[in-house]
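Structure record follows, encoded as structure tokens.
FYI, it's all coordinate maths here, none of it is from the lab. Model, not experiment: these values are computed from the prediction. Heads up, the Cβs are rebuilt from the backbone with ideal geometry, glycines too, and the neighbour counts pull from every protein chain shown.
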Amino acid sequence: MNTIPSNKNLPATLQLLGQQLYNSHNRYKEPALKHRRFRHRDIIPLIEQLQEKSLFEVQVAGHSVQNRSIYLIKAGTGKTRVLLWSQMHGDEPTATMALFDLLHFFSQTDELDQVRKHLLEHLTLYIVPMLNPDGAELYNRRNALGIDMNRDALRLQSPESVLLKQLRDQLEPAFGFNLHDQSRYYTAGYTPQPATISFLAPAYDYDRNINSIRERAMRTIAGMDHVLQQFIPGQVAKFNDEHEPRAFGDNIQKWGTSVILVESGGQHGDPEKQQIRQLNFTAILSGLYLIAEDAYKAFGLEGYNRIPENQRHLYDLVLRHVRNTENGRDTLLDIGINRLEVDAPNHLGFYHSNAVEEIGDMSVFHGYEELDATGLTLVPGQVYEQPIESLDELTVEFAANLLRQGYTTIRVRHLPGVLPDPTSLPLNVTGIASFVNHQLMLDEPANFILKDGHGEARYAILNGFVYNLQGERPVLYHGLVH
């Protein structure tokens, strides 16, 4: 793979390159970034390591509202300039991890040396791995002013926004990679498949016109999709291209840079987005390969247009065909439940809270986890009548027995001053005087029992998680402190 092949052979060559990049990703994976909730302080040592390598030019390009450094990393000597920025939203870190993996890729030597050489000779890369370090500190979308930076491209009220505009204007990159995370509840079109990666060549006007700038982005995305279909067939989507006049992607496209938006969504069994990180790494490098020597021209607009638009059709848990009796009526229901991440005190990670977000006919929706509850009846979870003295008495065996009897919450006389990590609680916990209602209601937590026709408890739904009560002991997740 010494040179870009003819357009006729490019799709096959690109697929092969994608396979090589995907399969060798572990070799380049930055070991210091193992989880999503890293902070600015965690990337500073990684930046310092890059400063020691002659391949990279590293500078502090600007500062955040709270005076954290925003770094710009330059690599390559090619005539085509590419600007890549990640974590404009502080709680969208997947591509940041992939960018550090990409930097490792460029600094190593192996059988892909010809690819590295080709990219670095034809491209000059400018990488901003964390544009919103203050938001990353709190794992929050907005910056320290409370501003969504992706709605600040016109007013430029945030120093981070001013910096991004300055970089665009000073560097005048031909291409820009706008790297984000999106909700895991999107599907690829109307299928049950999650939109694991979504692309977009943002529209620069309300009519969604296509000029040569936007067309370049569309063709490049078509090639990137061609690569990813090998690994996540049917799980690539296209973000809605309705024009947002305040957004950076739309404006940078208008200002003359071909913008490729990459949104990292959800994937089965990948809560920390490590597989999606691998997909980002593969897709971004494949896109860069296409941009070198204008090889994206081998892919037509029809490839972009046939990518399905993402739809919000997923839930964390869908219960199907549940019987529920309320107000004297026996009703057949589907129930959609989502689990929400809640920051734990003192930056000790997060725990899950949950909410019932849909009740009724959910035949057009899907779940990461689904339970066919045909023949089962919903019974609201009960509060155990006899309080226990302390949490020490709440053993796994005791909790499992209570669940089989229909109890989802227990009262505790003496709750500790520092509440425990909810992930250690096998039941919901409340104080003596608290009132708890576990009736099935929209926007309220899911805490109930599913019983069969003989009145036997088959499943418990506790804090939105499913407990199978038919085994020797259910696999316990965690409750909440009310």
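In table form, for the structure just shown:
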{"item": "Most to least packed among 121-131, 201-211 [average Cβ atoms within 10 Å]", "result": "121-131, 201-211"}
{"item": "Assigned charges on the beta-carbon of Lys, Arg, Asp, Glu; the range 315-468 dipole about Cα centre (debye)", "result": "360 debye"}
{"item": "Table column - 3J(HN,Hα) (Hz), the range 94-109, Karplus curve with 6.51, -1.76, 1.60, x for Gly and Pro", "result": "4, 5, 4, 4, 5, 5, 5, 5, 4, 5, 4, 4, 5, 8, 9, 9"}
{"item": "Count, lysine Cα pairs under 19 Å in the chain, 8 or more residues apart or across chains", "result": "11"}
{"item": "Burial order of peptide ranges 85-97, 438-450, 307-319 (average beta-carbon count within 10 Å, highest first)", "result": "85-97, 307-319, 438-450"}
{"item": "Beta bridges per DSSP with both ends in the range 10-312, % antiparallel, nearest 5", "result": "45 percent"}
{"item": "Size-normalised alpha-carbon gyration radius of the range 315-468, reference 2.2 N^0.38 Å", "result": "1.06"}
{"item": "Low-density loop positions, trypsin sites (Lys or Arg not before Pro), the range 76-120 - DSSP coil, at most 12 other Cβ in 10 Å", "result": "K79"}
{"item": "Long-range amide H partners of G464 with built H, under 5 Å", "result": "A446"}
{"item": "Selection of trypsin sites (Lys or Arg not before Pro), the range 396-456, meeting DSSP coil and at most 14 other Cβ within 10 Å", "result": "R413"}
{"item": "Mean Cβ neighbour count within 10 Å, used as a protection proxy, ranking 288-297, 234-243 highest first", "result": "288-297, 234-243"}
{"item": "For the range 50-57, 3J(HN,Hα) per residue [Karplus equation, 6.51 cos²θ - 1.76 cosθ + 1.60, θ = phi - 60°, Hz, x = Gly/Pro]", "result": "5, 5, 7, 10, 5, 5, 10, 10"}
{"item": "Amide hydrogen neighbours beyond the local backbone of E369, cut-off 5 Å, H modeled", "result": "L317, V318"}
{"item": "Estimated [θ] at 222 nm from DSSP helical runs (n ≥ 4, -39500 (n - 2.57)) normalised by residues in the chain, nearest 500", "result": "-8000 deg cm²/dmol"}
{"item": "For Y459, residues with placed amide H under 5 Å, excluding near neighbours", "result": "L450, L469"}
{"item": "Note, ³J(HN,Hα) from phi for the range 72-79, Karplus 6.51, -1.76, 1.60, rounded to Hz, x at Gly and Pro", "result": "10, 10, 10, 8, x, 10, x, 6"}
{"item": "Relative contact order of the range 315-468, defined on C-alpha pairs under 8 angstrom at six or more residues apart (%)", "result": "24 percent"}
{"item": "Linear extension gain, R151 paired with L442, 0.36 nm per residue minus alpha-carbon span", "result": "101.7 nm"}
{"item": "Loop chymotrypsin sites (Phe, Trp or Tyr not before Pro), the range 377-439, which have at most 11 other Cβ atoms in a 10 Å radius of their Cβ (DSSP)", "result": "F435"}
